[in-house]
């Protein structure tokens with residue numbers, strides 16, 4: 001009986017688009033909300049918190065779908081698509097252990113590839129810049145919010161994210177979808193896309209989950225050496241200090257940014273950006289006199305980490 | 001009783017996005033397919049043929065939704081948004097007379113407008129190039145197919161079409177959608193978008209409907225003078241002749257295009273383009289040795305008309 005109960009909690013693994021949509025429509029017909037958590041796998045407690053948030057967001061019966069798909073179109077050719085970590089068996093064990101996941105959608109590929117331009121294998125090509133008249137060619141751009149922050153150093157990233165999320169939305173047809181606020185700009189881009197394109201989906205932004213020492217959880221943390229990991233703690237430390245400074249009445253954005261850059265560089269990090277922006281529009285703010293978020297991207301060794309901290313308007 | 005029966009055929013007029021989606025979901029729950037015909041109004045027999053095609057495409061019970069919305073985002077500032085013809089009362093009468101339309105969706109506006117940039121009225125702004133961090137900013141581009149043909153002279157057109165159609169798809173949630181093949185590139189762009197973004201919608205391309213004298217039906221025909229209208233017959237005449245030439249064994253694209261240009265110019269038209277392209281990819285063909293389509297855009301007076309003719313591969 002114990003084994004049967006455990007087996008009953010195993011998520012169903014679905015690889016086919018049509019089967020995924022049919023599964024989702026059956027759950028809807030049974031009166032369940034479908035809640036969706038898109039991931040690129042190599043799951044950690046941050047991902048698992050998204051599943052809890054999905055369950056919490058549903059008012060009644062809910063079927064949670066987690067997708068695992070490393071989306072090639074959001075990686076530039078110079079980026080780490082080839083070394084992005086994966087552990088499918090481990091992911092499945094973690095998802096089963098939550099007891100809260102009904103299905104895992106893990107398609108072998110989501111894009112129509114062209115002929116000669118796609119390579120012999122037809123396998124993953126970063127950012128999918130295929131030639132030819134029959135390959136994937138439809139892209140969604142959130143033209144303001146995709147600029148700035150990570151958009152500066154990752155020019156195809158948000159185009160790839162918005163497009164693959166729209167595809168997943170059209171396949172899974174969820175009522176609710178959950179995104180982590182660690183990828184703050186991504187979350188806002190998805191919110192804006194959902195608003196602008198009238199997707200019938202409620203988007204939940206879920207709080208950042210941190211290790212005991214404060215490092216924001218990320219699949220890429222596995223690539224940090226012990227020493228780099230120690231240095232990377234400067235990110236969260238500097239953000240917490242910045243918020244304290246702002247809440248204590250110093251709302252000068254530039255001074256706060258300078259302090260963060262100094263802390264990160266002293267720790268040995270290489271700063272990509274430190275920006276303070278409005279929470280919803282992501283437009284830069286000079287003074288923190290309205291709800292804002294401080295966003296950071298920095299390299300520690302060969303690993304690029306991002307983090308952020310929200311600051312409600314100081315009283 | 002007769003009056004009641006007539007009243008029963010009156011389409012329900014829906015102006016609100018949420019009400020439209022709820023209506024559509026109720027029809028689905030009743031076991032009906034939802035078939036969708038997007039239009040910009042000022043309906044003619046070409047539009048009405050799309051409704052017949054929608055009914056014919058459904059295997060079982062069907063609820064047909066026609067939308068009437070002049071989409072500002074597909075008009076460049078120099079184009080004819082302000083003079084685009086409209087006759088809502090007449091449209092409703094024509095739709096009711098078909099007896100086949102269950103609902104008409106006619107939203108006052110579909111876009112979130114920014115603050116100061118949107119003008120005092122918040123009304124239609126061609127191509128919607130609003131400034132500000134809160135206005136509509138999400139655009140869908142079908143990057144290969146939107147190039148060439150009408151894409152050359154109407155640079156924002158297909159961006160606006162793809163985006164508004166995606167919005168309408170997400171609001172109406174149809175099973176089937178019908179587009180006229182007179183707007184050949186538009187039809188292909190929508191087919192490609194649906195494929196690439198995984199919309200669960202079957203797209204039907206419906207044949208061109210012509211006046212008795214051969215002129216392709218268009219809402220813009222109303223702006224032609226009698227004389228211009230007579231001259232515009234050269235479009236269909238030259239296309240039919242071109243197909244005859246090709247089917248008789250002359251597959252030299254350039255010769256065929258030159259002949260069409262000459263015919264149009266002799267009739268007093270100003271040619272925007274004459275192109276021969278592959279039917280699906282819309283890539284140009286030099287010889288008509290595979291399924292191709294000849295596409296024409298030309299001005300007669302102040303009216304820009306488009307038309308096309310498909311040629312299956314000659315034997």
Direction-averaged shadow area of the convex hull around the Cα atoms of chain B, nm²?
18.0 nm²
On a full-extension model of 0.36 nm per residue, what is the gain between residue A:313 and residue A:252, subtracting their alpha-carbon distance, rounded to one decimal in nm?
20.7 nm
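List the equivalent ellipsoid semi-axes of region B:146-191 in whole Å, largest first, each obtained as the square root of 5λ for an eigenvalue λ of the Cα gyration tensor.
21, 12, 6
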Can you list the copy-to-copy distances for residue A:266, using a point 7 angstrom from Cα toward Cβ, in nanometres, shortest first?
8.5
Which three extents, in angstrom, do the Cα atoms of region B:159-223 have along their principal axes, listed largest first?
40, 21, 19
Which three lengths, in whole Å and largest first, does region B:130-262 cover when its Cα atoms are put on their principal axes?
51, 36, 28
For the protein assembly as shown, what are Rg and Dmax over the alpha carbons, in angstrom?
27.3, 86
Could you work out the per residue convex hull volume over the alpha carbons of region B:74-203, in cubic angstrom?
136 Å³
Evaluated at 4 °C and 1.567 mPa s, the Stokes-Einstein D of region A:1-101 based on the Kirkwood radius over Cα pairs, in µm²/s, stands at 86 µm²/s
Could you check which residue among B:281, B:73, B:218 shows the biggest mean-square fluctuation in a GNM of chain B with a 10 Å Cα cutoff?
B:281
What FRET efficiency, computed as 1/(1 + (r/R0)^6) with R0 = 45 Å and r the Cβ-Cβ distance, is obtained for residue A:262 and residue A:200, rounded to the nearest 0.05?
0.45
In whole Å and largest first, what semi-axes does the C-alpha gyration tensor of region B:195-315 yield when each eigenvalue is scaled by 5 and square-rooted?
24, 20, 12
Quick one: helix A:17-29 against the long Cα principal axis of chain A, what's the angle to the nearest 10°, folded into 0 to 90?
90 degrees
Inter-label distance for residue A:45 and residue A:13, nm, one decimal - labels placed 7 Å from Cα along Cα-to-Cβ
2.7 nm
Angle in degrees between helix A:157-172 and the longest Cα principal axis of chain A, rounded to the nearest 10
30 degrees
Nearest beta-carbon of A to the rotation axis carrying it onto B: which residue, how many whole Å?
A:140, 3
Along Cα-to-Cβ, 7 Å out, sits the label point; list in nm, shortest first, how far the one on residue A:287 is from those in the other copies.
7.4
Report the relative contact order of chain B, percent, no decimals, based on alpha-carbon pairs under 8 angstrom and at least 6 residues apart.
17 percent
May I ask for the angle, rounded to the nearest 10°, between helix A:253-266 and the longest principal axis of chain A, with both axes built from Cα atoms and the value confined to 0 to 90°?
80 degrees
Inter-copy distances for residue B:205, nm, shortest first, label points 7 Å along Cα→Cβ, are 4.3
Suppose each label sits 7 Å from its Cα in the direction of the beta carbon; what would the residue A:220-residue B:280 distance come out to in nanometres?
3.8 nm
Label 7 Å along Cα→Cβ of residue B:80; region B:138-179 residues with amide nitrogen under 15 Å?
B:154
As a test of the formula, what do you get for chain B when each DSSP H run with n ≥ 4 contributes -39,500 (n - 2.57) and the sum is divided by the residue count, at 222 nm and rounded to the nearest 500 deg cm²/dmol?
-11500 deg cm²/dmol
In the protein assembly as shown, what percentage of the DSSP-assigned beta bridges are antiparallel, given to the nearest 5?
55 percent
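Laboratory data are not the source of any read-out in this text; all were calculated from the coordinates shown. Only a predicted model underlies this, so the values are computations on that prediction, with no experimental measurement involved. Glycine gets a Cβ as well: all are built from the backbone with ideal geometry, and neighbour counts include every protein chain shown.
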